[in-house]
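Peer 1: Have a look at this one before I ask anything.
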Amino acid sequence: MNKELLKQILLEQHPPTRNPQDIPRELRTTIHKYKETPFILILSGIRRCGKSTLLHQIRSEDHPDSYYINFDDERFVNFTVEDFQTLYECLLELFGEKNTFFFDEIQNIKIWERFVRRLHDNKKKVYVSGSNASMLSRELGTHLTGRNIPVSLYPFSFKEFLLFKKQSYDSLNVLTTEQKSKLKRYFNEYLKNGGFPEYLQTGKDEYLKTVYENILYRDIITRYHLPREKPIKEVVYYAVSNIGKEISFNSLRKLTGLTSATTIREYFDYLENSYLAFLVSKYNPSLKKQIYSNKKIYFIDTGIARVLGFRTSDDIGRMLENIVFLHLKKQNKEIYFHKEKYECDFVIREGSRIAEAIQVTYEINDNNKEREVNGLVEALDTYKLNKGIVLTFDTEKEIIEQKKKIIFKPVWKWLLE
């Protein structure tokens, strides 16, 4: 790559100090713990969720004397691993010697990890970000094994959403009626709009459609060399229209006209790698049965799900379930669903046992109380647990059912605990 062009890009990208308006992300505390360690920090997450902003926050607060390069610039299109040495020389010439490097959207460069490994071996501190989950695992190969700390960033949590809205609250145990009403109103807004920072600023649905199309074409169709776009679009549309419901790869194969259920499985791998959608398996002690069982599908954000999918008026419970899933996912929980005679939305595995059971429904009424409570109690019996939780929009109470303690709690309150 031309050295003078490289210098021009680097000078233009030389970022300003952190914008004081930026929302402090919850993940910031986790990352800060590794400031003085030699580990390479690998930050991944869906496009436009705030990774670059977070890198600038880290750089401003922890490493102001450092280099920053964003590879999501189209002028890097011909950049290859051989150009990293020239890049390093340009950085030295322009800014002098520094010991910390920030590489944004580095997954665009093949075999990037070799240069990062060289920097690490030379005692440099390195932060990298990318929009693909596989950069946290198999693509690292042996080059960075044992040398990196992987972390994932998601769109705003409800706590971060309230910070964005400049809303504060007292202790959750002593909320006034006015505070409670305000929190519920903002939660309704969060439920509808999700947590993509730029979308919350503009409110333009076209923005979310553009984010989706960038992911579809750049992170999936181009990256995996898919010959046709129609089948993957049909898979996404079906998935986003059936959030929280069981899906079968075989049924989807027939729906899309693809010849193999394995291809459908691969498509969902691509969706998961790009952080767009996630599959949850039915829990079974047999790994083989888990693999071949039906899955449930959840999306990265309720706002993007609303814009992309077919929705009916009674889908609010599914969106609530999606928000609960994302909260558990952000905590790196090992998530499954339970289904025997009844169904329980989420069971959480810790080590070799199921440690928690959670049911989600918009409201408890005479029509669904038996089904929802029995599903939770069945899961508690199956995994030998004494208590479980039912998350709703507004119900708050405790009951004893078949000698099991059932805690009903509003989702918005659970998210803020």
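We did not get these values from a lab; they are worked out from the coordinates using the rules stated. Treat the numbers as computed from the prediction; the structure is a model and nothing was measured. We place every Cβ from the backbone using ideal geometry, glycine too, and count neighbours over all the protein chains shown.
Peer 1: Give me D for the stretch 200-293 in µm² s⁻¹, whole number, from Stokes-Einstein with Rh from the Kirkwood sum over alpha-carbon pairs, 4 °C and 1.567 mPa s.
Peer 2: It comes out at roughly 89 µm²/s.
Peer 1: Out of the trypsin sites (Lys or Arg not before Pro) in the stretch 277-342, which ones are loop residues according to DSSP with at most 10 other C-beta atoms within 10 Å? Numbers along the way, then the final one.
Peer 2: Details: sites: LYS282, LYS288, LYS289, LYS295, LYS296, ARG306, ARG311, ARG318, LYS329, LYS330, LYS333, LYS339, LYS341; in loops: ARG311, LYS333, LYS341.
Answer by residue number: LYS341.
Peer 1: So, in nm, how far is label LYS192 from label THR210 when the simple model puts each one 7 Å beyond its Cα toward the Cβ?
Peer 2: Taking the two extended label points, one gets 2.3 nm.
Peer 1: Normalising by the residue count of the stretch 119-243, find the relative contact order in percent from Cα pairs under 8 Å and 6+ residues apart.
Peer 2: Working: 31 pairs, mean separation 26.5, N = 125.
Dividing the mean separation by the residue count of the stretch 119-243 yields 21 percent.
Peer 1: Report, as a whole number in µm² per second, the diffusion coefficient that Stokes-Einstein gives for the stretch 159-205 at 4 °C and 1.567 mPa s using the Kirkwood radius over alpha carbon pairs.
Peer 2: It diffuses with D of about 112 µm²/s by this estimate.
Peer 1: Rounded to the nearest 0.05, what FRET efficiency do LYS182 and LYS230 give with R0 = 45 Å and r taken as the Cβ-Cβ distance? Could you check?
Peer 2: Numbers: r = 45 Å, r/R0 = 1.00.
That gives a FRET efficiency of 0.50.
Peer 1: Given Cα pairs under 8 Å that are at least 6 residues apart, what percent is the relative contact order of the chain?
Peer 2: Values: 624 pairs, mean separation 52.7, N = 417.
So the answer I get is 13 percent.
Peer 1: When the scattering of the chain is computed by the Debye formula from its Cα atoms alone, each counted once and equally, what is log10 I(q)/I(0) at q = 0.11 Å⁻¹?
Peer 2: One equal scatterer on each Cα of the chain leads to -0.91.
Peer 1: Right, next: For the stretch 261-417, what is the convex hull volume of the alpha-carbon atoms per residue, in Å³?
Peer 2: With only Cα atoms used, the stretch 261-417 gives 136 Å³ per residue.
Peer 1: Determine the alpha carbon to alpha carbon distance for each of LYS296/LYS403; LYS296/LYS341; LYS51/LYS184; LYS159/LYS204; LYS209/LYS409 and list only those over 24 Å.
Peer 2: LYS296/LYS403; LYS51/LYS184; LYS209/LYS409
Peer 1: What lysines does LYS3 reach when the alpha-carbon gap must be under 22 Å and sequence neighbours fewer than 8 apart in one chain are set aside?
Peer 2: Answer for LYS3, where 22 Å is the Cα cut-off: LYS98, LYS110, listed by chain and number.
Peer 1: Nearest 10 degrees, 0 to 90: what angle lies between the long axis of helix 261-273 and the longest principal axis of the chain (Cα atoms)?
Peer 2: Computed tilt is about 70 degrees.
Peer 1: Considering amide H positions built from the backbone, and no H for Pro or chain starts, which residues 5 or more places from GLU343, or on another chain, come under 5 Å of its amide H?
Peer 2: GLY375
Peer 1: Rank these for me by crowding, THR263, THR30, going from fewest to most other beta carbons within 10 Å.
Peer 2: THR30, THR263
Peer 1: Could I ask something else about it? What's the ranking of 85-95, 167-177, 396-406, 211-221 by average number of surrounding C-beta atoms within 10 Å, highest first?
Peer 2: Sorting 85-95, 167-177, 396-406, 211-221 by mean packing, highest first, produces 211-221, 85-95, 396-406, 167-177.
Peer 1: Return the Rg/Rh value of the stretch 321-381, two decimal places, where both radii are evaluated on C-alpha atoms and Rh is the Kirkwood radius.
Peer 2: Details: Rg = 11.9 Å, Rh = 12.1 Å.
For the stretch 321-381, the value is 0.98.
Peer 1: Using 0.36 nm per residue, how much length does the chain from LYS166 to LEU5 gain when fully extended, once their Cα-Cα distance is taken away?
Peer 2: 53.8 nm
Peer 1: Evaluate the Kirkwood expression for the hydrodynamic radius of the stretch 122-202, namely the inverse of the mean inverse distance over all pairs of different C-alpha atoms, and round to one decimal in Å.
Peer 2: About 16.1 Å, per the Kirkwood formula over Cα pairs.
Peer 1: Another one. Under 19 Å between alpha carbons, and skipping anything fewer than 8 positions from LYS404 in its own chain: which aspartates and glutamates qualify?
Peer 2: Answer for LYS404, where 19 Å is the Cα cut-off: GLU340, GLU343, ASP345, GLU356, GLU370, GLU372, GLU378, ASP381, GLU396, listed by chain and number.
Peer 1: Dipole of the stretch 177-416, Cα-centred, from +1 at each Lys and Arg C-beta and -1 at each Asp and Glu C-beta, to the nearest 20 debye?
Peer 2: Value, rounded to 20: 440 debye.
Peer 1: Per DSSP H run of n ≥ 4, the term is -39500 (n - 2.57); total these for the chain, divide by its residue number, and report the mean residue ellipticity at 222 nm rounded to 500 deg cm²/dmol.
Peer 2: Details: 17 runs with 171 residues, N = 417.
Counting only the DSSP helices, I get -12000 deg cm²/dmol.
Peer 1: Here's another thing I want to ask about it. Given q = 0.20, 0.23 Å⁻¹, what are the Debye log10 I(q)/I(0) values for the stretch 12-51, with equal point scatterers placed on the Cα positions and solvent ignored?
Peer 2: -0.91, -1.10
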